[in-house]
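Since the structure comes first, as structure tokens, the remarks are kept for the end.
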Amino acid sequence: ESTASISLHSGKMAAETEEEMPKRSTCASIGPALGNFSIQYNLSCAGIALQIMQTCDDADASTCGGGNYPQPPWVKYTLLGLVFAGAVLGMLCMGALGDILGRRKALALTLSLTVLGSLVSALAWGPTEQVYQIICAGRFVLGIGVGGIYPLSAAASSEDDSHGGHGGHG
């Protein structure tokens with residue numbers, strides 16, 4: 001004997017059996033968990049990339065003079081500050097955008113910004129100063145994306161809990 005529940009999803013009544021409920025709840029929890037994991041990865045990988053940029057490709061490191069891309073003095077604090085400024089902006093804007101557009105669309109937008117910011121940083125080119133400026137711009141966009149994941153994943157988790165593990169996903 002299978003019990004069914006009726007839920008309101010996107011303005012439509014839908015019947016769910018007990019077998020469908022746990023699968024839906026598990027899938028709804030994976031997205032926010034992976035989003036939060038990517039936040040920590042993206043915030044910490046900049047330091048590793050900067051260290052790699054300051055290494056030399058030449059066999060004789062004495063001719064390199066501070067690495068292939070010597071770090072200008074402003075980069076150390078500006079880069080980290082821009083990521084966190086972007087994260088604050090993302091937290092403020094994406095939570096409200098989730099209320100306006102719906103959580104799923106806002107989460108897709110914030111994840112797209114995260115990917116875009118990562119790609120811009122990874123594909124930076126040109127002279128040393130220009131490379132660091134492009135990386136800073138990419139890290140700011142990445143910050144907006146990862147900052148937006150916090151309120152949206154918190155809303156997703158809260159909504160799933162308040163609906164017995166099978167809340168609406170609009």
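Worth a mention:
- Scanning the range 140-170 for residues that are open to solvent by less than 50 Å² (accessible area, probe 1.4 Å) and modelled with pLDDT under 85 yields Ser153, Ala155, Ala156, Asp160, Gly165, His166, Gly167, Gly168, His169.
- Check on Leu80, more than 30 Å from Gln51 (Cβ to Cβ), assigned to a helix (DSSP H, G or I), in contact with a Gly (Cβ under 9 Å, 6 or more places away or on another chain) and modelled with pLDDT under 90: no
- Among the residues of the range 105-122, just one is more than 12 Å from the chain's Cα centre (by Cα) and of a type in the set (Val, Ile, Thr), namely Val120.
- Tally of residues being buried (at least 18 other Cβ atoms within 10 Å of the Cβ) and aliphatic (A, V, I, L, M) across the range 94-108: 4
- Failed condition for Ser112, given (1) without any contact (Cβ under 8 Å) to a residue 12 or more places away in the chain; (2) more than 19 Å from Gln54 (Cβ to Cβ): (1)
The values are calculated or read from the model by the stated rules, or taken from the named source; none is laboratory data. Because the structure is a prediction, the values reported are computed rather than measured. FYI the Cβ positions are ideal-geometry reconstructions off the backbone, even for glycines, and counts take in every protein chain you see. Areas reflect the complete protein model, heavy atoms only, side chains present, ligands, DNA and RNA absent. Shrake-Rupley method; radii C 1.70, N 1.55, O 1.52, S 1.80 Å.
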